[in-house]
Amino acid sequence: MAYELTDEQRDRYRATAIRSQLRKQELLRFHVEDAEDGNHQRFGERLDVNELMPQLAPNGLTSLSLFSGGGGLDLGFERAGYKHSASFEILDICGETLRANRPSWDIHAGTEAGDVRAARFTPFRGVDVVHGGPPCQPFSVAGKQAGADDPRNMWPDFVRCVLQTRPRAFVAENVPGLLDRKFESFVRDNILTPLENHYTVFRFKLAAHEFGVPQARRRVFFVGFRSQRDTARWLQPVSTHGETDTLFGALQPFNLARQSLGLPEIGFDQVSPTLRSGFTGPRNTTGVLNSKAALNIWNQLRVWPNGVQPTHSMARAYPPENGHFRMSVADCALLQGFPSDWRFSGAVYQALGQIGNSVCPPVAYAVARQVARALGVA
């Protein structure tokens, strides 16, 4: 049955369409004036994420990636000097992203090749480090926190991979909710107990903005070492950015959202709220908004967190009615800590899903460097 509109609704939608068209015409007029004046760049310099994780020389260590997603951990370890052994990822679109960015990598993607639940890991025995972020939905508020009862709980498969490959170290990432009291028994029974007979395991939280990422994002890490000698050398990553200096030295200032995106000053700036994954929620979404509190911050930043567009030009062609800056996929990737040359395959919601589910590469880089130092090669 066709959806019937009242005259009042038709008038309201018609007025909205007219306002949208006028905004687009006004924006195009500004672009013409800029071209005539020779002013082709209306924004300032954007953050170069590569400066947060300078490419290190090969360190002789190999890494195996599980739940690779959009490649956040993989990229961080690569830039820290590790040699990529293989990536396992169940989503085909993520496999396309990884192959497009790193054609030489060994990518196992899709419901058959990339499903860690059916994968055989013994061929990778002897790899130095296994890393991955098992699906976080079983422990996140958005995912209803069903824990071990959630079919997306794949911690047992991560543990199985570690026990089969016997790496010198492993790194696992997840949401901070995993350390809530309600999951104490899960962590003990499914992570610590099966691993602690072979590895010394450390647990800690890291905040992405304390490593230069222009986003407020906190995650928990589990890092384990097989050798007591390596264990004794382990030191948790130390913040590189902050508001006050530490005992370890001077910190760089936080990279704030508007400044990092190259937007003009408006008298207010701070790190962006946590980006929501386009794969989460009851439907696929082209927005990154995750709460009402976050919307207040986005509004103060004058950045529109909904209706993300594929490109900068398309985002500028359709400014929101409130006049705020509409983001593109590349803008969201920058706020997550991905360099500008890392491209995401798929529709907008798929790109946002890969971005929002990824470990921020500069954070992965910081962890990877400390693991290498513990293994005595950096």
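Structure notes:
- Amide H within-cut-off set for PHE254, under 5 Å, with H built and near neighbours excluded: GLY242
- Taking amide H as placed 1.01 Å from N in the peptide plane, GLY44 has its amide H under 5 Å from the amide H of LEU263, each at least 5 places away in sequence or on another chain.
- Each Cα pair under 8 Å and six or more residues apart adds its separation to the average, and for the stretch 218-327 the resulting relative contact order is 14 percent.
- Percent of C-alpha pairs per 10 Å bin in the stretch 299-378, short distances first: 17, 39, 25, 12, 6, 1.
- Every pair of different Cα atoms in the stretch 177-233 enters the Kirkwood calculation, which places the hydrodynamic radius at 13.0 Å.
- The chymotrypsin sites (Phe, Trp or Tyr not before Pro) of the stretch 188-267 that meet both conditions, a loop assignment by DSSP and at most 13 other Cβ atoms within 10 Å of the site Cβ, are PHE248.
- Per-residue Cβ neighbour counts within 10 Å put ASP180, ASP245 in the sequence ASP245, ASP180, beginning with the fewest.
- Other-chain or far-sequence residues with amide H under 5 Å of PHE325's (modelled H): VAL303, TRP304
- Kirkwood Rh in Å, taken over all unlike Cα pairs in the stretch 253-357: 13.7 Å
Each value in this text was obtained by applying a stated rule to the coordinates, not by laboratory testing. Since the structure is predicted, the reported quantities are computational estimates derived from the model, not experimental observations. Here the Cβ is made from the backbone with ideal geometry for all residues, glycine too, and neighbour counts use every protein chain on show.
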